[in-house]
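The values are calculated or read from the model by the stated rules, or taken from the named source; none is laboratory data. None of the values given here were measured: they were computed from a predicted structure. Quick reminder, even Gly has a Cβ in these numbers, built from the backbone with ideal geometry, and neighbours come from all protein chains shown.
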């Protein structure tokens, strides 16, 4: 029985996170004069980026991972929420515009690759299709039983989320965020795209995942209630994000309309 206080300390996980922490510090402090000689690195950017890395580790390295992998489906859904809705915007808030515009935006091929990665159709389709596919019972169970597949699962839901959040929060001039109205359409499409998975989990008449069906009950939830709760947690997070994005979109539309009606 896995302890609830198990923290992952595998070299691959810790080494990967420390590598990105080192690369970030090297780029924004050591090589900043070469990348953008007149740029400043705000402490807020640094704090947000490292908070994002810490959140990533909490999601995949804390007891959340062990509990979600062995006992509770809804905890596994919460883990995915951290990877899809919490960590990516933190990391993006930590990336200064000059770093992107003067590195990826400087060369045609790298600019094309980055623009493809953050394109709303590419990132949105990847976000929706990959997340949905991992909830197919056979794939889901394979990820629970095989550590390598589980790592692939987490990375494959995390990476498209970065592209999606870039569409909403980009600080870049060369790779800007979507306009307010397009942001609203995009988040609406993503919200609709998750409805089949939500319905699949919440309105089911059986427990789809044997791991949770046979798992020791560590909460006052049956396996069926746990599955329904997982679907509700997933959709609630999606709705909260959608409301925030809609509010942001309406604000930008109202501001732009006022600027048109009252030109300086």
**Asked** Within the range 71-81, is there a residue that is closer than 30 Å to residue 136 by Cβ and more than 20 Å from the chain's Cα centre (by Cα)?
**Response** yes
**Request:** Scan the range 115-127 for residues that are in a helix (DSSP H, G or I) and surrounded by fewer than 20 Cβ atoms within 10 Å (Cβ to Cβ) and jot them down.
**Result:** 115, 116, 117, 121, 122, 124, 125, 126
**Prompt:** List, please: which pairs have Cβ atoms under 9 Å, are six or more places apart or on different chains, and start with a residue in the range 187-204 that is touching a residue at least 60 places away in the same chain (Cβ under 8 Å) and end with one that is part of a loop (DSSP other than H, G, I, E, B)?
**Reply:** 197/135; 200/135; 200/208; 201/135; 201/208
**Message:** Go through (1) farther than 18 Å from residue 103 by Cβ; (2) surrounded by 16 or more Cβ atoms within 10 Å (Cβ to Cβ); (3) under 19 Å from the mean Cα position of the chain (by Cα) for residue 67 and report which single condition fails.
**Reply:** (3)
**Test: residue in the range 170-177 that is touching a residue at least 12 places away in the same chain (Cβ under 8 Å) and closer than 19 Å to residue 126 by Cβ** = yes
**Item:** Pairs where the first residue, in the range 88-108, is at positive phi and the second is surrounded by 19 or more Cβ atoms within 10 Å (Cβ to Cβ), C-beta under 7 Å, 6+ apart
**Value:** none
**Request:** Determine if the range 159-174 includes at least one residue that is modelled with pLDDT under 90, surrounded by fewer than 20 Cβ atoms within 10 Å (Cβ to Cβ) and not in a helix (DSSP H, G or I).
**Result:** no
